[in-house]
Each structure stands twice: as structure tokens, then as C-alpha cells.
1. Provide the net charge surrounding residue A:336, with neighbours chosen by a C-beta distance below 12 Å and charges set as Lys +1, Arg +1, Asp -1, Glu -1.
2. Give the average over all directions of the projected area of the C-alpha convex hull of the stretch A:1-124, one decimal, in nm².
3. Dividing the convex hull volume of the Cα atoms of the stretch A:46-222 by its residue count, what figure in Å³ per residue is obtained?
4. Positive end of the charge dipole of chain A (Lys, Arg +1 and Asp, Glu -1 on Cβ, about the Cα centre): tell me which of A:285, A:111, A:42 has its Cα farthest that way.
5. Share of antiparallel DSSP beta bridges in the stretch B:2-225, in percent to the nearest 5?
6. So which trypsin sites (Lys or Arg not before Pro) in the stretch B:26-116 end up in coil per DSSP with only 11 or fewer other C-beta atoms within 10 Å?
7. Using only DSSP helix segments of four residues or longer, with each worth -39500 (n - 2.57), what per-residue ellipticity at 222 nm results for chain B after dividing by its residue count and rounding to 500?
8. Give the long-range amide H neighbours of residue B:89: residues separated by 5 or more places, or on another chain, with amide H under 5 Å away, using H modelled in the peptide plane at 1.01 Å from N.
Amino acid sequence: MFLALKEIKKEKLRSGAIITMIVLICYLIFILTSLSLGLARQNTAAIKSWHVQRFALNSNANTDMRQSFLNDDQLGQLTKNEAVLGQGSVVAKAAGKEKLSAVFVGLKSNQFIAKNLQLTSGHPVRHAHEIVVDDSFQDKGYHLGSHLRLNDQKQRYTIVGFTKNAKLNIAPIVYGQLSTWKTMRGFEHGPSASAIVSKKASYRAQTAGITTYSTKQIINKLPGYQAQNTTFILMIAFLMVISLIIIAVFLYILTMQKMPNYAVLRAQGIPSKVLVGATISQSVLLVIFGLAIGSLLTAGTAFAMPAAVPMAFDVPMLAAVGLGLVLMALLGSLVPVRSVLRVDPISVIGG
Amino acid sequence: MNAISLQNVSHTYGSDTAQVHALHQLNFSAQSGTLNLVLGPSGSGKTTFLTIAGGLLTPTTGGVTIAGQNYTTLSKKQQDALRLSSIGFVLQAYHLLPYLKVKEQFKLVSQVKKTGNLSAAKLAEVLDMLEITDLLNKYPSELSGGQQQRVAIARALYPNPAIILADEPTAALDSQKVKVVGQLLADLAHQHDKAVIVVTHDPRLIEFADQIYDITDGVLTHKDTVQA
Ligand SMILES: Nc1ncnc2c1ncn2[C@@H]1O[C@H](COP(=O)(O)OP(=O)(O)O)[C@@H](O)[C@H]1O
Ligand SMILES: [Mg+2]
């Protein structure tokens, strides 16, 4: 520690250069992690807000709620732990406002999802032409009492309430009645819902042509969800590897320059472990300095970021990522440590 | 008292066809309070001798006793500790850590060897003798070559070793500086009771020596006539 601190202090330019690189990498990793988490939440926020454990879909729907239609017979007997919902993509339009792609979710007012919906303002849906929409509609200029039309329907709907975290697959949700969903879809005499959801993990749909999935299975099958997560994980992993290489290379160069000095110290009887300790703590200290500055930058970014950017700053998650970088520092220091262990004191004797 | 002794030491570099017999059946001992000069031409085995005496190289055959301990039978850790407490190297290349101030060079040693180092008063005396007292707060890059060498010597003396080993300490020095270094090494022996061993090809150091040895082709012989 003593040697590492003294060296960082004396060699300000070199240390500054490494720290700057680590700051940039760490900032990039933090931002990507937050973006990844933010997007993931926008995919799943609504599903999470329903607190359901199971989804029952049409067996031919390929685990995709958008493709699932259930008829009355398939719905079968439901307890108070189950609810049905009808889902469909809609475009919301209103005079003088830009069009909004949204997801319509039709609910039965007497079932738990509709009953438990947390409103930030307004009141729940009571009539066929009332809707409760995601808070993000407010950013687009909608307010309580605003009217809008869905798709090419003539019918106008009135916003009677706002709710937060109503996002499914990155689109904001328009909550309405299940009967409205049927009308909108033109299914007067056809299917009566997209899915059954249940609060109970033990729930199994018993009727024919219907399959029960866990919420996790449904989320993983959301269009693009896994591809997006995989992309982010790959990018973050690559950045980790890059940071590992940068740390290893820089530290290796710095250490090689000190070899004659270390050789003299070894000749004099200073144990290898002191020099190894100096190398490792130098690496870890540099990364910790970099992390500290990177965290400050990230905190500043989180503060300044407009709400529309889908970023979620989750401290435990970022801390875990930071710990990953410290691990990279430890790993990276192993390369120069190998050389330190091999330093030959005889090399500085003689002349 | 024998501070250091080598018994029947032979050393061979390489193997098979590329063998170099650097030292032959060498016996040597040095007493505290004496300056021992080992003179020989280039390639005669001086550095090999010094690295074996300093415990950095294990001889092919023979034994090394340092401060009463059979060095070759010690563990690596014990060897490090014994070198740190008993041997001070005075090298041609000083290689002071560039990011430590002069005073911190001593602190590094005291962090590893916590006891038995020079007291503050004794260290001040040594710094005074070496004329580096004013340099304590400077970095090596702010010092001249001679000042760096003296700092390196002070660092070697700080753990209060009984033995000082020097390899060609005057290699690149003019006669004036040779006298300074020679006197310093003699002072370490006579005033600080160290066993000082200097290997060199530089006959200008003869006048400071108590014991003189000749080494040629790896064979060491004691010269009876001291003082030129
Ligand atoms: N690492 C080594 N490998 C092979 N031969 C060596 C090695 N070191 C020294 N020698 C040989 O051993 C002999 C003695 O070398 P050295 O002890 O360095 O002599 P000096 O210091 O007197 O010049 C020389 O012939 C030299 O070439
Ligand atoms: Mg030599």
C-alpha cells in the first residue's frame, strides 16, 4: 500500500492517464448497465406491477400473448386469484397531438388486476369508453378528461386516470374494459380474452388447447427482450475484458520499468510479497480511484438525465458491476505479479 | 569474529558442452572490522564470488556461512530475512525507487524489518558522514549520481548489517572520487565494525584494504603483503 500510494502520488501523469481510461470505461459500463436495466424495466414493468405468477395462453400462441386467443369454454372456472385480460397493439390519436403506439389491455373491473391498479391520479375505468393510461401520456400533452381515438375507430375514449409503470414491451399501456377490447378487435362472437393470469404459482389451466407458463417464461418471450439483454450483457462483458487488458498492459509496462529497482530490493532481502503487494494494491487503487470518479459522473448523469431516457440507476446492481471491475483489476495485476515473482536479483550485481 | 565464510565453494555455469567453471574450491572468510579486497581481471569470477557470498546464488558445491548461519540450508523466507538483517549491498547501479523521497527509502526498509535498524541518532550520524543529511526530502531524480550512490549506501547500512558487499564500486569514477569511496568503505569497516568485502579490478583501492586477495580464473589466493 505504502509503495503503491507513493508511486501514484509521484507519477501523477501516468496514474492520471490510467485513471482517466478507467473512469471512461467505468462510466460507459455504468451507463450501459443503467440503460439495459431501464429498457428491461420498460419491457416488464406492467407485468411486474400485476404481481402474477402464471400466464395461461392458447397452446398455439408460441408463448406470445399477442398471438393468443381464448374462447369462453377455454376460460373455464376462475377463482378470485385469476384474472383474464385481452391485449392488442393500438395507435392512440388525438387532434393536434402526435400519434402514440401503445398496448391496449382490456380488464374485467371486478377482477384483481383492475381492482389493484395503482392510480397516480383520476379514478378507475367504470364505463366502456373510459381508459386509464400510463403516466408517459402526460409528457405527450394528455391530461385527465382528454379524448383520444384508438386505431381507425370512430369511437372516442376519455382518459379518466393515470397509472405509473404501465409499460409492456417498451410501449405505454392503455387500460380499458375487456368488452372494449372485444369490440375493438371485432370479436363480438369470437374469443373472449388473450390470457388468464394467476397470482398462484400452483395454478394450471385445465381446459383443452391452453398451456400455463411462468411469468419468467412469458417475459423471456417478449419480442426482442432477450436479444436486447444479450446485447447489453455482451457489451458490458467486452468492456470488462477491455478494462482487464488495459489494466494488465499498463501495469505490466509500469512494473517492467521498475524491474531493476525491484531486483536491488530483492537482493537486499525485501521479500517478494512486499513487491507483489505493491503491484496488486497499485492496480486496485487505480481502479478504485477510477470507479469513484466514474460513479460521480454517473450520479451526475442520473441527476441530469431527462425522464424520457429509459435509464434505471440501481445502486446494488452498479455496485456489483463496480466489484466486477475491481476483480478485473486483481486479475489484471496477476500478469505483472508473475514478472515480479521472477525478478532476478543477480541481474543488478556486476558490471 | 568471522562474519562470513565460504567453504570449498565451486561454481559451474551451464551444463554439458557449454560448461563454465567460474569458481574452483574456494575458501574465504572475512572478519568484522576489516576491509577485504578481492582483485581480479574481467571474467575471473569476481561477480560470481560476490553473488554467492551475498546469498543470491547457490554454489554448485560448497557451503556459505553468513552471520553464523548455514545459509544454503535456510528457507527462502529465512534467506530473505538474513540478507535484510546481515548484508548490505553497495552496487554500481543504485536503482533507488524513483517515487520515494530519500527518507522514504529508509521507511520502506523499516516497514519490512521492524527491529534492529539504526536508531534515529545513528542514522543521522551515517547521513552526516555520507553528506546527504540535506537531501532527505528530495526524490532520486533531484540528486547527482554520487549523491544517489551515497543514498543507496545509507539504505544498505540502515538495517545495520554486519557485512557489506561491494561489486566494482569505483568502476566509472575518477581518482578523486575513488579516494572518497575507498575511504568510506574503510570507515565502514574500521569505525562501524563491518566486514567489508569489495571485488574489483581497480588497484587504486589497494591502499584502503586490510586483506587482499587475488582471483584469477576462479582461483582465489590470499596476498600476504598488505599496504602498497
Ligand atoms: N550466467 C552465466 N552463465 C554462464 N556463464 C557465466 C554466467 N555468469 C558468468 N559467467 C562466466 O563465468 C565467468 C566468471 O564471470 P564473473 O563472475 O562475472 O566474472 P567477473 O565479475 O570477474 O567479470 C566468466 O567466464 C563468465 O563468462
Ligand atoms: Mg563482474
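1. Working: positive: A:258, A:338, A:342; negative: none.
Its environment carries a net charge of +3.
2. For the Cα atoms of the stretch A:1-124, the hull's average projected area reads 15.8 nm².
3. 104 Å³
4. Of the options given, the answer is A:285.
5. In the stretch B:2-225, approximately 50 percent of DSSP beta bridges are antiparallel ones.
6. Numbers: sites: B:46, B:76, B:77, B:83, B:101, B:103, B:107, B:113, B:114; in loops: B:101, B:113, B:114.
When the trypsin sites (Lys or Arg not before Pro) of the stretch B:26-116 are filtered for loop state and at most 11 Cβ neighbours within 10 Å, B:114 remain.
7. Details: 6 runs with 69 residues, N = 228.
The helix contribution divided over chain B gives -9500 deg cm²/dmol.
8. Result for residue B:89 returns B:165.
Read-outs throughout are calculated quantities, based only on the coordinates presented, and are distinct from any laboratory measurement. From a predicted model like this one, the values you see are computed outputs, not experimental measurements. All Cβ positions, even for glycine, are placed from backbone atoms using ideal geometry, and neighbour counts span all protein chains on display.
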